Each structure stands twice: as C-alpha cells, then as structure tokens.
1. Using packing as a proxy for protection, rank 57-64, 88-95, 138-145 so that the peptide with the highest average count of other Cβ atoms within 10 Å comes first.
2. For the pair residue 58 and residue 5, what calculated FRET efficiency results from E = 1/(1 + (r/R0)^6), where r is the Cβ-Cβ distance and R0 = 22 Å, to the nearest 0.05?
3. Measure off 7 Å from each Cα along the Cα-to-Cβ vector at residue 160 and residue 80, then give the distance between these two points in nanometres to one decimal.
4. Report the gain in length on full extension from residue 87 to residue 50: 0.36 nm times residue separation, minus Cα-Cα distance, nm rounded to one decimal.
5. Can you tell me the length gained on complete extension of the stretch residue 128 to residue 144, counting 0.36 nm per residue apart and subtracting the Cα distance?
C-alpha cells in the first residue's frame, strides 16, 4: 500500500460520519506516512479511551475507530490479542469495540475484539517490541505465516465491521 496522507486516513474510516467522527480523528504526525510495517496496519489513538486502526483491504485503506476501557486486572492476569496472538499481562490487551458501518451502526450495533492496546501487533511479531514480561511464545510457524494469520484475523474483524 502506498504512503497515506492525512486526508486518505480520515476518508478511510467506514464507521465514522464525515462531519463528526472523521474530523475528530487524531492522526500521528510522525507515523502518518509509514502506517504499513511489514504488511501490517497500525495507527494508535490520540485519546486514552480510543484507538484507530487503518489497514489495506482490497487495495484501499479501511479505517475503524474503536473505543476501549483500559483493563484494571490483577498482576497475574494475562490476555491474548486475537490478531497476533501475543499475550500481555495487565492492560496490554483490551476489548476494543467499533460501531458497525452503515445502517447497523446507526442503530447502535457494534463489534468487539481483544487487541493489543497499543496496536503494535506487527512489532511484536517481528520482535521489534516485546510485551511487558519480555516473553513471546515460540511458534513453529515462520514469520511470513504468522503475518498471514494476523492479516486473516484482521480482515475477519474488518469484515464484521
């Protein structure tokens, strides 16, 4: 996918109105042109209760605005991201909900998934970032197979939105 402009990013959101939600999206100035990292998406939110995800789907960018409540669980509690299958302690994984696109979203329907709170799935997969514990499970899959699995999980989530 080509580098995205701020206008491309704002226009990609399928679950926001042009006047309301798209205008309030805070795009990261330092990463706006480099969203694709090893073929995986990423665009973290600018507010503590919101994250934004932009990914290539059928050759065009698709954006989803998600809300989440930061987890406040015990020290021993661990959760797994449903995209990259990375486990995190405490608040490293959050249930993120996105309004569905179109009429379903206007009626208040939403979809949720447990995702890395920082949306750094591609960095965890490639070992560029480690979870707070410093551990990631060893897998028999190659990096390319892990990326393909993560993209399949991502596209399944986007299809639900």
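Nothing in this text is a laboratory measurement; each read-out follows from the coordinates by a stated rule. Source: prediction; values computed, not measured. No Cβ is skipped: glycine too gets one built from the backbone with ideal geometry, and neighbour counts run over all protein chains shown.
1. Answer by packing, highest mean first, reads 88-95, 57-64, 138-145.
2. Result of the calculation: an efficiency of 0.65.
3. 1.6
4. Contour length minus Cα-Cα distance gives 11.2 nm.
5. Answer, rounded to one decimal: 4.2 nm.
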